[in-house]
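Report on the structure given below.
The values are calculated or read from the model by the stated rules, or taken from the named source; none is laboratory data. Fair warning: this is a prediction, and the values are worked out from it, not measured in the lab. Positions of Cβ are generated from backbone atoms using ideal geometry, with glycine treated the same way; all protein chains shown enter the neighbour counts. Each accessible area value is taken on the protein alone, full model and side chains, heavy atoms only, with ligands, DNA and RNA left out. Shrake-Rupley method; radii C 1.70, N 1.55, O 1.52, S 1.80 Å.
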Amino acid sequence: MGYLNKTEYEIVPDGSFTVIRSCGGCHKKSRFGNTGKFRVNANGNLLDVWLLYGCEECGHTLKLTVYERQKSYLIPGEEYSRFLENDAALAEELGRSLPLFKKNKAEIDFGKLSYGYVKLREVSDENIGAGQRRIDIHNPCGLKLRPEKQLAEVIGISASRVKNLIEQEKIVLKEASARLVCFIIDDVCP
(Lines give C-alpha, C1' and ligand atoms only; values in the text may rest on other atoms or scores of the structure.)
Protein backbone atom coordinates (compact mmCIF):
# COMPACT_ATOMS: atom_id res chain seq x y z
CA MET A 1 0.00 0.00 0.00
CA GLY A 2 1.30 3.45 -0.95
CA TYR A 3 1.72 6.47 1.21
CA LEU A 4 -1.10 8.90 1.90
CA ASN A 5 -1.21 11.01 -1.25
CA LYS A 6 -4.76 12.39 -1.32
CA THR A 7 -5.99 14.99 1.16
CA GLU A 8 -9.56 16.27 1.34
CA TYR A 9 -10.60 19.59 2.85
CA GLU A 10 -13.94 21.31 3.36
CA ILE A 11 -14.64 25.04 3.37
CA VAL A 12 -16.65 25.96 6.46
CA PRO A 13 -18.15 29.45 6.95
CA ASP A 14 -17.41 30.92 10.38
CA GLY A 15 -21.00 31.99 10.85
CA SER A 16 -24.31 32.59 9.15
CA PHE A 17 -24.52 34.36 5.83
CA THR A 18 -25.31 38.06 5.88
CA VAL A 19 -28.07 39.31 3.58
CA ILE A 20 -28.04 42.55 1.61
CA ARG A 21 -31.54 43.94 1.05
CA SER A 22 -33.51 47.17 1.12
CA CYS A 23 -34.53 47.90 4.67
CA GLY A 24 -38.01 49.20 5.44
CA GLY A 25 -36.70 50.91 8.57
CA CYS A 26 -33.58 52.62 7.14
CA HIS A 27 -35.08 53.12 3.68
CA LYS A 28 -31.78 52.08 2.06
CA LYS A 29 -29.88 48.92 1.18
CA SER A 30 -28.59 47.40 4.41
CA ARG A 31 -26.93 44.30 5.76
CA PHE A 32 -29.09 41.87 7.74
CA GLY A 33 -27.66 39.37 10.22
CA ASN A 34 -29.06 36.15 11.65
CA THR A 35 -30.86 36.79 14.96
CA GLY A 36 -30.84 33.10 15.90
CA LYS A 37 -34.62 33.18 16.25
CA PHE A 38 -37.58 31.70 14.42
CA ARG A 39 -41.17 32.78 14.00
CA VAL A 40 -43.78 30.04 13.75
CA ASN A 41 -47.34 30.81 12.66
CA ALA A 42 -50.17 28.28 12.54
CA ASN A 43 -53.31 28.55 10.47
CA GLY A 44 -55.36 25.45 11.15
CA ASN A 45 -53.08 22.50 10.43
CA LEU A 46 -50.87 24.57 8.12
CA LEU A 47 -47.63 26.05 9.43
CA ASP A 48 -45.34 28.85 8.34
CA VAL A 49 -41.81 28.96 9.76
CA TRP A 50 -39.40 31.83 9.21
CA LEU A 51 -35.77 32.37 10.18
CA LEU A 52 -35.50 35.95 11.42
CA TYR A 53 -32.75 38.31 10.30
CA GLY A 54 -32.24 41.81 11.66
CA CYS A 55 -30.95 44.98 10.02
CA GLU A 56 -27.51 45.82 11.39
CA GLU A 57 -28.40 49.54 11.31
CA CYS A 58 -31.88 49.77 12.82
CA GLY A 59 -32.91 46.22 13.82
CA HIS A 60 -35.78 46.03 11.30
CA THR A 61 -36.76 42.36 10.80
CA LEU A 62 -36.42 40.31 7.63
CA LYS A 63 -38.18 36.92 7.51
CA LEU A 64 -36.62 34.11 5.47
CA THR A 65 -39.19 31.41 4.74
CA VAL A 66 -38.18 27.96 5.99
CA TYR A 67 -41.63 26.35 5.59
CA GLU A 68 -44.65 27.92 3.92
CA ARG A 69 -48.18 26.56 4.31
CA GLN A 70 -46.74 23.19 5.32
CA LYS A 71 -49.05 20.58 6.84
CA SER A 72 -48.05 20.32 10.48
CA TYR A 73 -47.66 16.53 10.45
CA LEU A 74 -45.06 16.78 7.64
CA ILE A 75 -42.60 18.70 9.85
CA PRO A 76 -40.68 16.27 12.10
CA GLY A 77 -41.65 16.76 15.75
CA GLU A 78 -38.07 17.28 16.95
CA GLU A 79 -37.42 19.93 14.31
CA TYR A 80 -40.70 21.68 15.15
CA SER A 81 -39.70 21.77 18.82
CA ARG A 82 -36.34 23.28 17.88
CA PHE A 83 -38.15 26.04 15.95
CA LEU A 84 -40.34 26.81 18.97
CA GLU A 85 -37.31 26.86 21.31
CA ASN A 86 -35.32 29.17 18.96
CA ASP A 87 -32.57 26.57 18.79
CA ALA A 88 -29.36 28.53 18.06
CA ALA A 89 -27.61 25.56 16.39
CA LEU A 90 -30.52 25.07 13.97
CA ALA A 91 -30.64 28.80 13.22
CA GLU A 92 -26.89 28.75 12.51
CA GLU A 93 -27.24 25.68 10.28
CA LEU A 94 -30.08 27.23 8.29
CA GLY A 95 -28.14 30.52 8.17
CA ARG A 96 -25.58 28.71 5.96
CA SER A 97 -28.08 26.88 3.76
CA LEU A 98 -27.75 28.15 0.17
CA PRO A 99 -31.05 26.56 -0.93
CA LEU A 100 -32.86 28.56 1.78
CA PHE A 101 -31.34 31.81 0.50
CA LYS A 102 -32.05 30.94 -3.13
CA LYS A 103 -35.66 30.08 -2.28
CA ASN A 104 -36.02 33.48 -0.59
CA LYS A 105 -34.17 35.31 -3.40
CA ALA A 106 -31.86 36.75 -0.74
CA GLU A 107 -28.60 38.36 -1.84
CA ILE A 108 -25.73 36.99 0.26
CA ASP A 109 -22.88 39.36 1.13
CA PHE A 110 -19.99 37.10 0.08
CA GLY A 111 -17.52 40.00 0.41
CA LYS A 112 -17.82 40.07 4.20
CA LEU A 113 -17.97 36.31 4.71
CA SER A 114 -15.24 34.72 6.81
CA TYR A 115 -14.50 31.03 6.49
CA GLY A 116 -11.92 28.40 7.27
CA TYR A 117 -10.78 24.99 6.05
CA VAL A 118 -11.23 21.69 7.86
CA LYS A 119 -9.11 18.70 6.90
CA LEU A 120 -11.50 15.80 6.36
CA ARG A 121 -9.12 12.92 5.67
CA GLU A 122 -5.89 11.72 4.13
CA VAL A 123 -6.01 8.54 2.08
CA SER A 124 -4.02 6.58 -0.43
CA ASP A 125 -5.10 6.82 -4.09
CA GLU A 126 -3.48 4.43 -6.56
CA ASN A 127 -4.64 6.59 -9.51
CA ILE A 128 -2.17 9.31 -8.57
CA GLY A 129 1.28 9.06 -10.10
CA ALA A 130 4.49 8.65 -8.13
CA GLY A 131 5.86 11.94 -6.87
CA GLN A 132 2.42 13.57 -6.92
CA ARG A 133 -0.34 14.28 -4.45
CA ARG A 134 -3.96 15.24 -4.86
CA ILE A 135 -5.86 17.89 -2.92
CA ASP A 136 -9.65 17.96 -3.06
CA ILE A 137 -11.45 20.98 -1.61
CA HIS A 138 -15.17 20.54 -0.97
CA ASN A 139 -17.33 23.66 -0.97
CA PRO A 140 -20.76 22.51 0.29
CA CYS A 141 -22.05 26.08 0.64
CA GLY A 142 -20.99 26.97 -2.91
CA LEU A 143 -18.96 30.00 -1.82
CA LYS A 144 -17.73 32.03 -4.78
CA LEU A 145 -13.96 31.50 -4.46
CA ARG A 146 -11.45 31.11 -7.28
CA PRO A 147 -9.88 27.61 -7.35
CA GLU A 148 -6.30 28.94 -7.11
CA LYS A 149 -7.28 31.04 -4.07
CA GLN A 150 -8.71 27.96 -2.36
CA LEU A 151 -5.52 25.96 -2.95
CA ALA A 152 -3.32 28.88 -1.89
CA GLU A 153 -5.17 29.19 1.41
CA VAL A 154 -4.97 25.44 2.06
CA ILE A 155 -1.24 25.05 1.38
CA GLY A 156 -0.21 28.47 2.68
CA ILE A 157 1.21 30.23 -0.39
CA SER A 158 -0.01 33.17 -2.47
CA ALA A 159 -2.61 32.76 -5.20
CA SER A 160 -0.18 34.30 -7.69
CA ARG A 161 2.39 31.60 -6.77
CA VAL A 162 -0.28 28.93 -7.39
CA LYS A 163 -1.05 30.50 -10.80
CA ASN A 164 2.66 30.48 -11.60
CA LEU A 165 2.95 26.78 -10.64
CA ILE A 166 -0.10 26.00 -12.80
CA GLU A 167 1.57 27.73 -15.75
CA GLN A 168 4.72 25.65 -15.09
CA GLU A 169 2.47 22.54 -14.98
CA LYS A 170 3.69 21.63 -11.48
CA ILE A 171 0.07 21.99 -10.38
CA VAL A 172 -2.80 20.69 -12.52
CA LEU A 173 -6.41 21.71 -11.94
CA LYS A 174 -8.27 18.42 -12.54
CA GLU A 175 -11.79 19.52 -11.67
CA ALA A 176 -13.45 22.82 -10.85
CA SER A 177 -17.13 23.09 -10.00
CA ALA A 178 -19.12 25.19 -7.55
CA ARG A 179 -18.90 22.40 -4.94
CA LEU A 180 -15.49 20.80 -5.55
CA VAL A 181 -12.03 21.63 -6.84
CA CYS A 182 -9.33 19.00 -7.35
CA PHE A 183 -5.62 19.62 -7.88
CA ILE A 184 -2.75 17.28 -8.69
CA ILE A 185 0.49 18.67 -7.27
CA ASP A 186 4.07 17.61 -7.89
CA ASP A 187 5.79 16.72 -4.61
CA VAL A 188 8.43 19.39 -5.28
CA CYS A 189 5.76 22.04 -4.65
CA PRO A 190 4.99 23.30 -1.13
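Worth pointing out:
- Candidates in segment 103-143 are the residues that are under 29 Å from residue 184 (Cα atoms), open to solvent by less than 30 Å² (accessible area, probe 1.4 Å) and modelled with pLDDT of 90 or more; of these, the one that is nearest to the chain's Cα centre (by Cα) is 139.
- Number of the exception - residue 58 against (1) over 23 Å from residue 111 (Cβ atoms); (2) in contact (Cβ under 8 Å) with a residue 24 or more places away in the chain: (1)
- Annotation: residue 40 fulfils all but one of (1) on the phi < 0 side of the Ramachandran plot; (2) within 18 Å of the chain's Cα centre (by Cα); the unmet one is (2).
- When 68, 78 are checked against the criterion of being surrounded by fewer than 14 Cβ atoms within 10 Å (Cβ to Cβ), over 30 Å from residue 137 (Cβ atoms) and within 24 Å of the chain's Cα centre (by Cα), 68 stands alone in meeting it.
- Condition check for residue 57: part of a helix (DSSP H, G or I), modelled with pLDDT under 95 and open to solvent by 20 Å² or more (accessible area, probe 1.4 Å): no
- Residues considered: 62, 52, 100, 47. Of these, the only one that is in contact with a Cys (Cβ under 9 Å, 6 or more places away or on another chain), surrounded by 13 or more Cβ atoms within 10 Å (Cβ to Cβ) and aliphatic (A, V, I, L, M) is 62.
- Verdict on residue 41 being more than 30 Å from residue 147 (Cα to Cα), polar (S, T, N, Q) and part of a loop (DSSP other than H, G, I, E, B): no
- Residues that are assigned to a strand (DSSP E or B) and open to solvent by 70 Å² or more (accessible area, probe 1.4 Å), drawn from segment 1-20: none
- Selection status of residue 168, modelled with pLDDT of 90 or more and more than 25 Å from residue 32 (Cα to Cα): yes
- Subset tally (residues that are aliphatic (A, V, I, L, M), assigned to a helix (DSSP H, G or I) and under 22 Å from residue 12 (Cβ atoms)) for segment 71-110: 7
- Against the test of being touching a strand residue (DSSP E or B) at 6+ places or on another chain (Cβ under 9 Å), in contact (Cβ under 8 Å) with a residue 40 or more places away in the chain and closer than 30 Å to residue 181 by Cα, the options 96, 21 yield a single qualifying residue, 96.
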